[in-house]
Amino acid sequence: MYKKRNTNKQLIPNRVKQVKTYLIGLLSIIGIVSTYIGGHVLSAVEFLTLLAGVLLTFIIMYTFSVLSSIIIASTIIFGLSLFVVTYALLHQNVNQVQLITHQLLFATIFLSWWLIVALIYTEEENLIKLKAMLNQLRKIDPVSGVLTFNEFISEMFLVTKAIARRNEPASFIFIKIKTPLGKEPKTLLRIIGNTILDSIRRGYDIVGKTGNNTFVIMLQGTDTDKANIVINRILQKLEKYPKISGEELRKYMEIYTLPATENPETNEQIIRDHTQ
Amino acid sequence: MIAMLFIKALSWLFYFIVVAFWVIMFYYTILGIFGIIYKVETMEQEPNIPSYFPSVAVFIPAHNEEVVIFETLDAMASLEYEGPMNIYLLNDNSTDRTGDIADFWANIFVNIHHVKVPPGEPKGKSRVLNYGRHISYEEVIAVYDADNRPNPDAVKLLVYKLMENEKYGGVAGYYRSYNMYKTILTTMIGLESLLYQLTMQSGRWKLLKLGSFPGTNMMIKRHVLDEIGGWDEYALAEDAEQSLALTARGYLIAIEPRSQSWEQEPEKFSVWFRQRTRWMLGNLYLVQKTIATKEYRSGRNLWNAIQLISVYYVFFTFVILSDIWFVLGLLGIFSAGTHLPLLTLWFESWWIYATQLIVAAFLEGELTPKNIIIATIMYFTYAQAWLVILANAWIQQWKARRKGHTIKWDKTPRF
């Protein structure tokens, strides 16, 4: 019988997430309670050895990986068993119940803390990977609100093909900001990015931040003469921007226009050549 | 007989030390709990928007800060506030490109001003801030260090808090480290600052209505500043000094954890050591002043005075004595009070310190496996360095007093 496939699958099923949360919660309770009991029951030497073991495992985990820490964790756990057996054999009048209790307590404390950190660490590693993927997929520059370099180039390819088909002109406007030490003025980039977006035909023209301090606008169906009208519009809007001296800002800006070609690769080279 | 009496007296002394340790531990645990309550309460509440927005002056004292000042002024340019606000970069005779960078921002933003502070003595942050006070007119003054990058809402949140109550003479926000994960040292400093703000700022405010200025991301009413005569130009820890002066006049310093600014922490041990020694010297100067000035040890300030003296003198003596006691015990020369719960005390000290660090990191979204590990080792490493710094500060203070010198303000290098 045909079974309908679930197309609305979540990346991580809820049940898995819940199990992980409960597990960390349960381990935390076990860890706290057993450490507290251990602080009273275990001797100073036992407790310090435990502490050293936990720290060593964490250091291995941080320096190498969670998998490497499993090796040291199992060595400690099995080594402890061997030590207890040997100790019991060598000492005839040993209190075996006490010995086993101490070993169990030691192992519980050690394992619970190691598992908590290992679980959180694995989650953190996943998060870092997801963030890296998100950055790659990001289309909008978070500072200025315009397209990122990669997204601008891919949009430019589509626009160039469209204008070539329609046999229309197109032009680029380059806006560069010159700063002391060549640093990136985030506030100015945000203000200029917003102003450009307010000055162009959204959904028709495209704007991207192609370098630290460079914006590129691609205007469809517009030659360089008409592009100068857009430049004036941007500058007028910046003049009226609150808290800003537009006249002074102009001194730190370089604005010019260039015609776009009908070849996307040539256009990409133009953009790269004029990006700071 | 005399030897017996001596050992008995020592035993009693150590018993007293153990009890004193317990008291301090208890106090800090309670502060931690109250800090958590205040922090959670604040994060769940919306800020009270005032009906009147006073004019604000933001002071940024700077001396040779070209490494960091561009980003600082960039963050300042993004500050949001409903009322009038002016940002003053107080350039204290910089010889690097600090001035050029300040001009770049001041030319573009009409509310950013590059102020060249004339040379003068004594050198330091307080004199520069006092100059700023004389050339500005705004009703409230905010102070940021030259490496700070406040969140866009940092200043307005400070104003909202300040306007909540007439008795609030000033307000202090939180500071965070933007280079917290650069080195192990910066991570430790970052965690310690989170713990300090949780216990000593939020905790003390919730429990005792006491707060203190952190020297950055802070705000003070101009009339209150005039009343206390501005900043003490000879104080090395001008912020702590000002906090006592304000409290002595019956004003409160409120804490606003939602207002956050990001600063740079020393990345090298030597730089950190010098910076902390200067802070320590500032606090020792303050202890002297507290003992000499009646109003600094009465009323609400009494608690501040007890804490200052107990931390910088009594507690330090206890720790040194207990260390001697421990070494003598190890060598078998002297063993006192085997009935004392030393291991438990030691374990609980570490446990409480590490747990508080972890909770503080959690509350600020900084709980990572690496931070958990570092929090567990900080008691044996970072916290112990405090003793060396305090001893160094004592020696420097004693040398300066013997030679009749004034200890000079020392700028923290940037990275």
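Using a Gaussian network model on chain A with a 10 Å cutoff between Cα atoms, which of A:LEU23, A:LEU238, A:LEU181 fluctuates the most? Comparing A:LEU23, A:LEU238, A:LEU181 in the GNM, the peak value goes to A:LEU181. A straight Cα-to-Cα reach below 12 Å connects B:LYS156 with the aspartates and glutamates B:GLU80, B:GLU82, B:GLU256, residues fewer than 8 places away in its own chain not being considered. As an exercise, identify the chymotrypsin sites (Phe, Trp or Tyr not before Pro) in segment A:150-240 lying in DSSP coil whose Cβ has no more than 12 other Cβ atoms within 10 Å. Within segment A:150-240, the qualifying chymotrypsin sites (Phe, Trp or Tyr not before Pro) (loop, at most 12 other Cβ atoms within 10 Å) are A:TYR204. B:LYS294 sits among other residues whose Cβ lies under 15 Å from its own Cβ, and their net charge, with Lys and Arg +1 and Asp and Glu -1, is +3. Note on B:LYS161: lysines with a C-alpha under 22 Å away, same-chain residues under 8 apart excluded, are B:LYS39, B:LYS206, B:LYS209, B:LYS221. Dividing the C-alpha radius of gyration of segment B:221-272 by 2.2 N^0.38 Å, with N its residue count, gives 1.48. Taking a Cβ cut-off of under 10 Å around B:ALA154, the surrounding Lys, Arg, Asp and Glu residues balance to a net charge of 0, with basic ones at +1 and acidic ones at -1. Sites listed here are trypsin sites (Lys or Arg not before Pro) in segment A:92-153 whose DSSP assignment is loop and whose Cβ has at most 16 other Cβ atoms within 10 Å: A:ARG138, A:LYS139. The overall shape of segment A:149-273, judged from the alpha-carbon gyration tensor, is prolate: a/c is not under 1.5, and a/b is greater than b/c. Entry for the protein assembly as shown at q = 0.06, 0.10, 0.11 Å⁻¹: log10 I(q)/I(0) = -0.48, -1.12, -1.25, Debye formula applied to identical alpha-carbon scatterers, no solvent contribution.
Of the chymotrypsin sites (Phe, Trp or Tyr not before Pro) in segment B:28-115, the ones in a loop by DSSP (not H, G, I, E or B) with at most 14 other beta carbons within 10 Å are B:TYR52. Using DSSP, restrict attention to beta bridges with both residues in chain B and report what percent are antiparallel, rounded to the nearest 5. Among the beta bridges of chain B, antiparallel pairing accounts for roughly 25 percent. In chain B, the inverse of the mean reciprocal separation of distinct Cα atoms equals 22.7 Å; this is its Kirkwood hydrodynamic radius. Taking the C-alpha atoms only, the angle from helix A:264-273 to the longest principal axis of chain A is near 80 degrees. What angle do you read, to the nearest 10 degrees and between 0 and 90, between the alpha-carbon axis of helix B:2-44 and the longest principal axis of chain B? Long axis of B:2-44 versus the principal axis of chain B: about 30 degrees. For segment B:18-164, the fraction of alpha-carbon pairs lying more than 24 Å apart is 44 percent, rounded to a whole number.
Among the residues of A:247-255, the average count of other protein chain beta-carbon atoms within 10 Å of the residue beta-carbon is 2. In µm²/s, what is D for segment B:124-223 at 4 °C and 1.567 mPa s, where D = kT/(6 pi eta Rh) by Stokes-Einstein and Rh is the Kirkwood radius from Cα pairs? Answer, rounded: 87 µm²/s.
The radius of gyration of the Cα set in segment A:14-137, together with its Dmax, comes out at 17.6, 68 angstrom. From the P(r) of chain A, can you give the percent of Cα pairs sitting at distances over 37 Å? Value for chain A (Cα pairs over 37 Å): 50 percent. Against chain B, whose longest principal axis is taken from its Cα atoms, helix B:238-248 shows a tilt of about 80°. Shown is the FRET efficiency for B:ASP100 and A:GLU248, computed with R0 = 25 Å from the Cβ-Cβ distance and rounded to the nearest 0.05: 0.95.
Charging the Cβ of each Asp and Glu at -1 and of each Lys and Arg at +1, and nothing else, the dipole of the protein assembly as shown about its Cα centre rounds to 740 debye.
Other residues whose C-beta falls under 10 angstrom from the C-beta of B:PHE213 contribute a net charge of -3, scoring Lys and Arg +1 and Asp and Glu -1.
Where a number appears in this text, it was derived from the coordinates with a stated rule and is not lab data. Predicted model only: the values in this text are computed from it and were never measured. Positions of Cβ are generated from backbone atoms using ideal geometry, with glycine treated the same way; all protein chains shown enter the neighbour counts.
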